[in-house]
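The values are calculated or read from the model by the stated rules, or taken from the named source; none is laboratory data. A quick note: this is a predicted structure, and the numbers were derived from the prediction, not measured. Positions of Cβ are backbone-derived with ideal geometry, glycine not excepted, and every protein chain shown enters the neighbour counts.
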Amino acid sequence: MRGSGLLLLCVAAVLFSLWANGSAFAAEAELVHRYKVGDFEVIQLSEGESDRDPSLFVGATPELVEKYVPTGTYVTATNTFLIRTPDRLVLVDTGYGRELFKNLKAVGVKPEQIDTVLLTHMHGDHIGGLLRDGKPAFPKAAVRLARQELEYWTSEEIMKASPPDRQDRFKSSIEVTKSYGDAVQTFEPGALGSEIPELLPGIRPIAAFGHTPGHTLFMVESGGERLLIWGDLTHAMAIQMPAPEVAMTYDSDPQMAVASRLAVLKYVAENKIPIAGMHVPLPALGTVTTAADGVGYTFTPTAKR
């Protein structure tokens, strides 16, 4: 009997281990996707997806909404990206911070191992994970963002002139920058298609203003391969790919945001550069091609590898 009991305990332990490991694998499969860009590994860390209402569109005709959002809602996502190079760990945006630290743990990375956080812009769903309990979540990291972005979101004058319901965005940005102090560093993003100096080895910042005053994309290059992390160039892939002239209520300058989107879509399609986006549904990385009818663009997701 004692031998049988011991055997049952061993079997139970094995089954529990398989269940626990299986759950961990399932969680990573759901929230983490890995890609190779030359010698770099780019890891998508997801905070999940949600359905949104077309009332957020700017410049969408009823015909466009009916054609591309026939169910009355579209899917969007919240993503961040970890870039693992041979020499460093770079985090691009931090999302809301709700799933970020669990996701980092799933890929074996501790917050203190991140040496650089690159920000596409300073909206709350991109800087929310920078603080934990009011303190820097990445104590050894430099936080780098466009000069225009920092100047705008830390301006008390602009904040006071903004509607009361938007002033919290400024307060969050000011709190983050004060908490990180001298670790906050600015750069000047370059023009799309020009010779842009590296911000970090293999990473170049590209201006795509309009969504915010300093909205920045990051071109990742290694071993002859490229990937453009395009931040919030799109929020609603269902309509903004076939009809990129549609803006969002989130855009600080909708007309400029549309111009930036049109320029980037044309560039990546012509140069066959894969893209990844903070609001692109899983797996959040893929290729852009000109639509078959010559109007708008088509996005094809890339299988994780």
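Okay, here's what the table says:
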quantity: Of residues in the stretch 139-165 being small (G, A, S) and within 24 Å of R204 (Cα to Cα), the one surrounded by the most Cβ atoms within 10 Å (Cβ to Cβ); calculated: A146
quantity: Test: residue in the stretch 210-220 that is within 23 Å of R84 (Cβ to Cβ), under 18 Å from the mean Cα position of the chain (by Cα), hydroxyl-bearing (S, T, Y) and part of a strand (DSSP E or B); calculated: yes
quantity: Enumerated strands (runs of 3 or more DSSP E) restricted to the stretch 221-305, each holding at least 2 residues that are surrounded by fewer than 18 Cβ atoms within 10 Å (Cβ to Cβ); calculated: 285-290, 297-301
quantity: Filtered residues of the stretch 188-203 (kept if outside any loop (DSSP other than H, G, I, E, B) and crowded, with 18+ Cβ neighbours inside 10 Å); calculated: L200, I203
quantity: Residue that is modelled with the highest pLDDT, among those in the stretch 21-49 that are farther than 28 Å from G223 by Cβ and among the small types (G, A, S); calculated: G48
quantity: Leading residue by the ranking (farthest from P136 (Cα to Cα)) among those in the stretch 156-182 that are among the acidic types (D, E) and in contact with a Gly (Cβ under 9 Å, 6 or more places away or on another chain); calculated: D168
quantity: Residue check for D232: of a type outside the set (S, T, Y) and free of Cβ contacts under 8 Å to residues at least 24 places away in the same chain; calculated: no
quantity: Only listed residue being within 21 Å of the chain's Cα centre (by Cα), outside any helix (DSSP H, G or I) and either on the phi < 0 side of the Ramachandran plot or not polar (S, T, N, Q) (or both), chosen from G97, G72; calculated: G97
quantity: Failed item, numbered, when V65 is tested on (1) surrounded by fewer than 21 Cβ atoms within 10 Å (Cβ to Cβ); (2) among the aliphatic types (A, V, I, L, M); (3) not in a helix (DSSP H, G or I); calculated: (3)
quantity: Counted residues, the stretch 70-93 - those being touching a residue at least 60 places away in the same chain (Cβ under 8 Å), of a type in the set (A, V, I, L, M, F, W, C) and buried (at least 19 other Cβ atoms within 10 Å of the Cβ); calculated: 5
